[in-house]
Amino acid sequence: MTLHRPARTLTFALTLLLATSPALAAWDIAQLMTELARNQGGRALFTEKKYIALLDKPVISSGEMRYVAPDYLEKRTLKPRAETMILDRDQISLERGKQKFTLRLREQPEVLAFVASIRGTLSGDRAALEQNYALFLSGNRDNWTLNLSPSNPRIAELVTRITIGGSRQQVRSVEYLQADGDRAVMSIEPDDAR
């Protein structure tokens with residue numbers, strides 16, 4: 001079958017357009033980090049399922065989160081019981097009922113490295129992530145998965161893998177697989193109502 005000149009020209013133009021389309025260009029970690037760094041913050045709703053070896057069923061919690069770039073994250077668990085965790089610069093605070101607990105991250109390097117996985121991803125800080133993790137990206141701009149594999153032996157004693165999924169600059173899921181086999185899976189949805 002021979003294409004006539006207008007059809008060949010159209011086919012060539014479409015091929016050129018598709019080949020140079022940003023949506024079809026190679027998706028890599030640098031592009032993902034650039035995309036994530038554009039997110040200055042917002043509110044989201046979350047549902048978290050924790051799978052613990054000693055329990056028959058997962059522990060399910062839900063609530064809301066607020067992120068302000070680059071280093072403030074607030075997680076308010078509303079169900080099954082109220083709990084607030086605030087990550088602000090180098091300090092993490094936890095409040096449950098009348099109990100309050102505050103920890104300076106620089107005094108706990110393992111906790112700091114774990115927190116860096118969250119903060120580094122949300123802020124698109126590749127250097128912070130690569131201090132303690134090897135990064136593996138799959139998917140495309142609209143549906144990506146970033147696997148963090150601990151490169152620091154002390155972190156590897158606690159966490160086997162962290163898998164973060166998202167679309168463009170939005171993180172949609174976070175899964176932590178602990179070294180003891182327990183895991184937590186969090187689904188995140190933007191809270192556009194606020």
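A compact table of results
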read-out: Burial ranking of peptide ranges 113-119, 77-83, 139-145 (average Cβ count within 10 Å, highest at the top); value: 113-119, 139-145, 77-83
read-out: Radius ratio Rg over Rh of the chain, counting only Cα atoms, Kirkwood formula for Rh; value: 1.10
read-out: Carbon plus sulfur fraction of accessible area for region 4-190, probe 1.4 Å, in percent; value: 55
read-out: Cα-based reach from Lys100 at 18 Å (exclusive), listing aspartates and glutamates while leaving out same-chain residues under 8 positions away; value: Glu74, Glu83, Asp88, Asp90
read-out: Anchor Lys50: lysines whose Cα lies under 21 Å away (excluding residues fewer than 8 positions away in-chain); value: Lys75, Lys79
read-out: Helix-only [θ]222 nm of the chain, DSSP H runs n ≥ 4, -39500 (n - 2.57) each, per residue, nearest 500; value: -7500 deg cm²/dmol
read-out: Cα-centre dipole for the chain with unit charges at Cβ (Lys and Arg positive, Asp and Glu negative), debye to 20; value: 400
read-out: For region 93-130 and region 47-90, distance of Cα centres in Å; value: 13
read-out: Inverse mean reciprocal Cα-Cα distance (Kirkwood Rh) of region 35-149, Å; value: 15.7
read-out: Solvent-accessible heavy-atom area per residue, rounded to whole Å², over the chain at 1.4 Å; value: 63
read-out: Among Val171, Val68, Val59: highest mean-square fluctuation, GNM of the chain, C-alpha pairs under 10 Å; value: Val59
read-out: Spatial extent of region 60-117: Rg and Dmax, with the Cα atoms as the point set, Å; value: 11.8, 31
read-out: Contour minus Cα-Cα distance for Asp180 and Lys57 (0.36 nm per residue); value: 42.6 nm
read-out: Of the trypsin sites (Lys or Arg not before Pro) in region 34-69, those whose Cβ has at most 16 other Cβ within 10 Å and which sit in DSSP loop; value: Arg38
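The values are calculated or read from the model by the stated rules, or taken from the named source; none is laboratory data. Predicted, not measured: the structure shown is a model, and the values here were computed from it. Heads up, the Cβs are rebuilt from the backbone with ideal geometry, glycines too, and the neighbour counts pull from every protein chain shown. For the accessible areas, the whole protein counts, side chains as well, though only heavy atoms, and no ligand, DNA or RNA atoms are used. Shrake-Rupley method; radii C 1.70, N 1.55, O 1.52, S 1.80 Å.
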